[in-house]
Amino acid sequence: MLAAIPGMPATLALPAPPAPPTGQRQPKLLNRLVEALRSRHSSRRTEQAHLHEAGSDIRTIRELLGYTNVSTTMISTHVLNNGGHGVCSPVDALWPDSAICISRAGNERTEPAKADPPDQGKRFGRKEEREMPGWKGIVGRSFTPDEFDSYCHTLQWNAWRPSFTVLHNTAVPSLAQRPNGLTPQHIQNLEGFYRDTQGWKAGPHLFIDDKQIWVFTPLTVSGTHSPSWNKVALGAEMLGDYEKEAFDSGRGLQVRQNTVAALATLCAVLGIDSNLMHIHREDPLTTHACPGKNVRKLEVIQEVQDLMGERHAGEHLIQPNA
Ligand SMILES: [Zn+2]
């Protein structure tokens with residue numbers, strides 16, 4: 001035993017702990033029992049959570065099935081497309097209905113008059129609108145940036161000529177939700193959505209992902225993408241949620257580069273000043289953040305100008321031989 005130190009509490013001078021009591025095994029058994037009960041409780045909670053999630057999805061899907069036949073087909077296909085990942089999330093099943101900038105692009109028949117506020121009453125148009133002829137059709141082809149450049153050089157803007165471009169993002173789906181980008185089936189679903197569900201005459205002109213540039217609404221006619229600018233601008237939708245997803249690395253960077261390439265081509269072919277590019281959130285009739293805070297307009301414009309400069313310099317390289 002240690003000698004007591006003056007001024008220090010006597011408890012510092014305790015003897016070694018006593019030997020464990022003979023009932024030492026009892027706490028271990030209790031612990032194991034508690035452990036087992038806890039584990040069972042936990043797995044039951046997990047099951048309940050899964051059931052709840054599944055129920056939520058089913059409700060969502062049922063609600064969605066109340067739309068039109070085409071919409072039903074679209075969503076069924078959409079769910080099937082998520083095969084292998086279990087029930088897709090409600091957010092995913094809702095797309096493109098829940099895609100922010102798509103749902104608020106407005107019906108071009110209401111423009112430029114402001115009789116209909118842009119955020120109201122246009123998502124599921126009246127019957128006569130849904131069945132109204134006049135759908136402008138889609139091109140439905142995908143291009144690499146070089147192919148897109150060649151393609152645009154074959155076009156003629158006789159009936160309609162855009163003055164600038166407007167940049168959007170899909171938000172939903174995000175890049176994470178489309179690990180392989182947009183497929184032909186997605187594009188086909190989108191046509192059904194804009195034409196039959198929305199009852200619009202057109203959609204955006206481009207859907208750009210990390211692999212390709214999809215031409216949707218023909219570039220030579222006006223599209224439907226931003227309430228204020230449908231009549232005067234080309235609309236380009238970038239796949240991704242750029243409130244959250246990176247626009248300067250990974251797949252977001254690929255989308256960015258494809259977008260810059262497409263915009264450089266359109267500016268060159270149409271003689272558009274690249275400084276005139278708009279982003280959807282600048283539309284005074286729009287209240288949301290499309291194309292996301294990670295998309296900085298001036299940076300994109302600068303990159304478009306840089307690329308146009310590089311391409312132009314490339315053309316000049318051949319000239320000395322002429
Ligand atoms: Zn938008």
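Each value in this text was obtained by applying a stated rule to the coordinates, not by laboratory testing. Predicted, not measured: the structure shown is a model, and the values here were computed from it. Methodologically, a virtual Cβ is constructed for each residue, glycine included, from the backbone with ideal geometry; neighbour enumeration extends over all protein chains shown.
Evaluate Rg over Rh across segment 181-238, taking Cα atoms for both radii and Kirkwood's formula for Rh.
Ratio of gyration radius to Kirkwood radius: 0.95.
Stretch residue 135-residue 176 to full length: gain in nm at 0.36 nm per residue minus the Cα-Cα span?
Difference between extended and current length: 11.6 nm.
What does the extension gain come out to for residue 154 and residue 296, with contour length at 0.36 nm per residue minus their alpha carbon separation?
48.0 nm is the gain from fully extending residue 154 to residue 296.
Extension gain residue 211-residue 312, at 0.36 nm per residue separation less the Cα-Cα distance, in nm?
33.9 nm
Quick one: putting +1 on the C-beta of Lys and Arg, -1 on the C-beta of Asp and Glu, what dipole do you get for segment 130-316 around its Cα centre, in Debye to the nearest 20?
Computed about the Cα centre, the dipole is about 500 debye.
Taking H as built 1.01 Å from N, whose amide H comes closer than 5 Å to the amide H of residue 238, not counting residues under 5 places away?
Sorted by chain and number, the residues that satisfy this are 168, 169, 170, 208.
From the backbone phi of segment 192-197, what are the Karplus-calculated ³J(HN,Hα) couplings (6.51 cos²θ - 1.76 cosθ + 1.60, θ = phi - 60°) in whole Hz, Gly and Pro given as x?
In residue order, the calculated couplings are x, 5, 5, 6, 9, 7 Hz.
Which FRET efficiency value, to the nearest 0.05, is calculated for residue 275 and residue 231 with the Förster distance at 35 angstrom and r the Cβ-Cβ distance?
FRET efficiency, residue 275 to residue 231: 0.95.
Tell me whether segment 130-316 comes out rounded, prolate or oblate; compute the Cα gyration tensor, take square roots of the eigenvalues as a ≥ b ≥ c, and use a/c under 1.5 as the rounded threshold.
Rounded.
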